[in-house]
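A short write-up of the structure that comes next.
No value in this document is a laboratory result; all are computed from the given coordinates. Bear in mind that the values here come from a model prediction, so they are computed numbers and not experimental data. No Cβ is skipped: glycine too gets one built from the backbone with ideal geometry, and neighbour counts run over all protein chains shown.
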Amino acid sequence: MTIKVGDKLPEVRFVVWSGEGPAEKSTADVFAGKKVALFAIPGAYTPTCSQQHVPGFVARTDELHGKGIDTIACTAVNDIFVLTQFAKDTGADGKILMLADGNADFARSIGLDVDLSSRGFGVRSKRYSMLVDDGVVKVLNVEDIPPQHDKSSAATLCSIIDHTL
């Protein structure tokens, strides 16, 4: 079943990069008591993710924080080592919290996983953006086709936040 507006995020564990290396953070650690702009990419270093989706959020970091967003987070079905280097290469380091969902546990638990095995990618996350307030989904924008990013873009999320918060 796919998560929808009004649902609480399920409790899962992500891997993040800390000063000492990989560390776990629960859904509660990331979302409790915070307004979070969360977006998902099918994979680090894929063309749309690298050239458009992540750079759009990097460019709108100040705007999102100005709208009351506490944390901007990106999740992908990649390991934290890949996501950490990806953040550095895209300018997201220090601006966007990278949440590694290496086994697609989060993507599956919210029903936004997609099997791209026919393309050699295995199970990945659908591309989406959401606004989460204290663990509850307030806005959810899911793309129909992975290469598209208009519905899930930072620009779209920013325009919707004005009417939501």
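Please label the shape of the chain as rounded, prolate or oblate, based on the square roots a ≥ b ≥ c of the eigenvalues of the alpha-carbon gyration tensor (a/c under 1.5 means rounded; beyond that, a/b larger than b/c means prolate, else oblate). Note, shape of the chain comes out rounded. One decimal place: the segment Asp150-Ala32 gains 39.7 nm when fully extended, by the rule 0.36 nm per residue minus the C-alpha distance. The gain in end-to-end length when the Thr71 to Gln52 segment is fully stretched comes to 4.9 nm, 0.36 nm per residue minus the alpha carbon separation.
Total lysine pairs in the chain at Cα distances under 21 Å, for residues eight or more apart or on different chains: 27. About its Cα centre, the chain has a charge dipole of approximately 220 debye under the convention of +1 per Lys or Arg Cβ and -1 per Asp or Glu Cβ, with nothing else charged. Each residue in Cys74, Cys158, Cys49 was given a count of other beta-carbon atoms within 10 angstrom of its own, and listing them fewest first yields Cys158, Cys49, Cys74. Extending 7 Å from the Cα toward the beta-carbon at both Ile160 and Glu63 defines two label points whose distance is 1.5 nm.
Please compute the net charge surrounding Asp70, taking Lys and Arg as +1 and Asp and Glu as -1 over other residues with Cβ under 11 Å from its Cβ. It works out to a net charge of +1.
Between the C-alpha center of region 106-165 and that of region 42-67 there is a gap of 13 Å.
The simple spin-label model puts a point 7 Å past each Cα toward its Cβ; for Lys4 and Asn103 those points are separated by 2.9 nm.
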